[in-house]
């Protein structure tokens, strides 16, 4: 059975790691496409997100989005929004739910998101 919105981005988080969940069905589709096109890079991005510190040091490939994209809401709760570069154009945007130690994958794309161009 394919994952859907609200499902965990498998496998389950180990003790002390962040749990990753899909925020939308579009994120599921984009994640699956990233897995098909860049499996090892997507796996590395998953590990980096899962093992991120509470306040990670931003890098050129993994950082909080800026301006109006710096925060977004999920289930009525505003959260920080971060981006991880999976490939040259492929991106994952995720929201940080500190209270539940959950990262909500809001966008996953093989192409560069137009909102940041």
With label points built 7 Å along Cα→Cβ from the Cα atoms of residue 33 and residue 101, find their separation and express it in nm.
3.3 nm
Distance in nm between label sites at residue 57 and residue 78, each 7 Å beyond Cα in the beta-carbon direction?
3.0 nm
When the helices in the chain are scored as -39500 (n - 2.57) per DSSP H run of 4 or longer and the sum is shared across all residues, what 222 nm value do you end up with, to the nearest 500 deg cm²/dmol?
-6500 deg cm²/dmol
What residues of the stretch 49-75 lie in the reach of a label at residue 19, counting those whose backbone N is under 19 Å from a point 7 Å from the Cα along Cα→Cβ?
49-54, 74-75
Rg in Å to one decimal, and Dmax rounded to a whole Å, for the chain via C-alpha atoms
12.9, 38
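Computed from the coordinates by the stated procedures, all read-outs in this text should not be read as laboratory data. Just so it is clear, the structure is predicted and the values come from calculations on it, not from any experiment. Ideal geometry is used to build each Cβ from the backbone, glycine not excepted, and the neighbour counts take in all protein chains shown.
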